[in-house]
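Below: the structure, in structure tokens.
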Number of protein chains: 2
Amino acid sequence: MSTAPTACLLIIGDEILSGRTQDANLKFIGNRMAEMGIRLLEARVVPDDPDAIVEALNMCRVRYTYIFTTGGIGPTHDDITTACVAKAFGRNVVRNPEAVKTLMAYYGERANDARLKMTEVPDGPSVELINNRITAAPGYRIENVYVLAGIPNIAQAMFEAIAPTLKSGDPLHSSHVDAFVRESEIAAELSKIQSNYPHVSIGSYPSLREDKFCTSVVARSTDQTAIDAALGEVADAMRKKGAEPIRPPLG
Amino acid sequence: MSTAPTACLLIIGDEILSGRTQDANLKFIGNRMAEMGIRLLEARVVPDDPDAIVEALNMCRVRYTYIFTTGGIGPTHDDITTACVAKAFGRNVVRNPEAVKTLMAYYGERANDARLKMTEVPDGPSVELINNRITAAPGYRIENVYVLAGIPNIAQAMFEAIAPTLKSGDPLHSSHVDAFVRESEIAAELSKIQSNYPHVSIGSYPSLREDKFCTSVVARSTDQTAIDAALGEVADAMRKKGAEPIRPPLG
């Protein structure tokens, strides 16, 4: 795990912080990072404020292997991500000729200035467009920063376009065992099991289901055999408290 | 707005970054902050890693009026928030006598060590319990950091318990006007309207609805009259493109 690539997701947009819009990109990126063995170590939501965006970009891009940004690359005045990315890298903003060609082919005479704004990228080397199968407006990579759309299905299409180019690590497997038991009744056993399996990360997540206390114990590791062994002991601990693990586990 | 209190939400938990769990606390806190006129300037998701949690706490608590944390205050080994908060403040962890009393009254003989872990708080001054109407386990405040549960309905109950104690600013109002028009067709007009209303923050959010391109233009300000005037101009701009604003606006 120590050599696994790392990542950070930068979610850009007042609409997320104001509570208007429920973010859906973190869950998607989080799942894909786990599958690809890239450790998503941070997600940060920043407002449509140039200083905040530039600062977050510059703090994160030296710290993680990959930075993914979502949001703020549309045609309107509040889409300021590209201006901020360029500023963070000390570059100018230019229209990318390939993106202009794609956009002109799609819009024809209707390609106004606002639409052409979506062809803008930072000037200079190590910039590559990220096309997607849904729209004529691309995202782009600049060095280790991947600038994606905010709309979830477009962000996902862009991510899948770049996924094969990312360094991956050993996939982080995850399994869980659930039972109608309070987590505080198995906490001591869980702590012991965690000590016995230092390369498995064991998490305990309580919830109320059908008005009964339920605990889902999740084990994450690159080693599925160790996960299975650890969760076998968890299931035994649940049974000792009179709670039969639910088969199949609840979603 | 310049003197409005500010806030940051620190979401603690591997389960959010791994994509297992969809966070629901940001949307709630974001909405409440807007209502209360507190500017939520950042949200950060950090893993169950002590160094990451302590660093984020210490960066954010000197920067914003209020820090809210969610997650990691349960009874199991992976609940490390209190240990990290104490470390960030250079304090020890102690069982709070009032919390112990409440917990003992609830659990009686079943109050094991794991459950008593939920009575732990950092030692020293400026620490206050945050009770909630759902469980016997409290959150707490230490200076300007409010430590809340991760489970959304408990986090919300804890937040409502402290809400009356927070300094609030002028409420940030928000209204929107929607139409079946592409945002790139009204982008130039939106930019002008934004210039005419510097104290209104105008955001444009595209979506596909009923397979048609739709744009929702959101105006946020402490001044509802200015919002209404700005959105009146937005509606006119939509009509000029042959798109009648949808009444009532889509959710």
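The values are calculated or read from the model by the stated rules, or taken from the named source; none is laboratory data. Remember, it's a predicted structure, so these values are computed and weren't measured experimentally. FYI the Cβ positions are ideal-geometry reconstructions off the backbone, even for glycines, and counts take in every protein chain you see.
A quick yes/no check of all residues on (1) closer than 30 Å to A:Gly232 by Cβ; (2) in contact with an Asp or Glu (Cβ under 7 Å, 6 or more places away or on another chain); (3) among the basic types (Lys, Arg):
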| residue | (1), (2), (3) |
| --- | --- |
| A:Leu148 | no, no, no |
| A:Ala155 | no, no, no |
| A:Ala161 | no, no, no |
| A:Pro171 | yes, yes, no |
| A:Ser174 | yes, no, no |
| A:Phe180 | yes, no, no |
| A:Glu183 | yes, no, no |
| A:Ala187 | yes, no, no |
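Return yes or no: is A:Thr65 away from chain B (no Cβ under 14 Å) and touching a residue at least 24 places away in the same chain (Cβ under 8 Å)? Yes.
Among all residues of segment B:96-103, there is none that is assigned to a loop (DSSP other than H, G, I, E, B) and within 12 Å of chain A (Cβ to nearest Cβ).
Take segment A:152-176 and flag every residue that is out of contact with any Gly (no Cβ under 6 Å at 6 or more places or on another chain) and more than 14 Å from chain B (Cβ to nearest Cβ). A:Glu160, A:Ala161, A:Ile162, A:Ala163, A:Pro164, A:Thr165, A:Leu166, A:Lys167 - these are the residues of segment A:152-176 that are out of contact with any Gly (no Cβ under 6 Å at 6 or more places or on another chain) and more than 14 Å from chain B (Cβ to nearest Cβ). Selection of segment B:200-226 for residues being away from chain A (no Cβ under 12 Å) and either of a type in the set (Asp, Glu) or touching a residue at least 60 places away in the same chain (Cβ under 8 Å) (or both) yields B:Glu210, B:Asp211, B:Thr222, B:Asp223. Scanning segment A:11-42 for residues that are within 7 Å of chain B (Cβ to nearest Cβ), assigned to a helix (DSSP H, G or I) and acidic (Asp, Glu) returns A:Asp14, A:Glu15. Residue count for segment A:103-119, restricted to those that are surrounded by fewer than 13 Cβ atoms within 10 Å (Cβ to Cβ) and under 18 Å from A:Ile154 (Cα atoms): 0.
When you scan segment B:178-194, how many residues do you find that are surrounded by fewer than 21 Cβ atoms within 10 Å (Cβ to Cβ) and either under 30 Å from A:Thr215 (Cα atoms) or within 14 Å of another protein chain (Cβ to nearest Cβ) (or both)? Looking only at that region, the number is 6. Among the residues making up segment A:74-90, those that are of a type in the set (A, V, I, L, M) and within 14 Å of another protein chain (Cβ to nearest Cβ) are A:Ile80, A:Ala83. Among the numbered conditions (1) within 23 Å of A:Ile38 (Cα to Cα); (2) facing chain A (nearest Cβ under 8 Å); (3) at pLDDT 95 or above, the only one that B:Pro50 does not meet is (2).
Assess whether B:Ile142 counts as being surrounded by fewer than 20 Cβ atoms within 10 Å (Cβ to Cβ) and either more than 9 Å from chain A (Cβ to nearest Cβ) or hydroxyl-bearing (Ser, Thr, Tyr) (or both). In short, no.
Yes or no: A:Asn131 closer than 22 Å to A:Lys167 by Cβ, in contact (Cβ under 8 Å) with a residue 60 or more places away in the chain and surrounded by fewer than 20 Cβ atoms within 10 Å (Cβ to Cβ)? Considered against the rule, which asks whether it is closer than 22 Å to A:Lys167 by Cβ, in contact (Cβ under 8 Å) with a residue 60 or more places away in the chain and surrounded by fewer than 20 Cβ atoms within 10 Å (Cβ to Cβ), A:Asn131 comes out as no. Taking segment B:83-134 as the range and being among the aliphatic types (A, V, I, L, M) and either in contact with a His (Cβ under 7 Å, 6 or more places away or on another chain) or closer than 16 Å to A:Ala187 by Cβ (or both) as the test, the residues that pass are B:Ala83, B:Leu103, B:Ala111, B:Ala114, B:Leu116, B:Met118.
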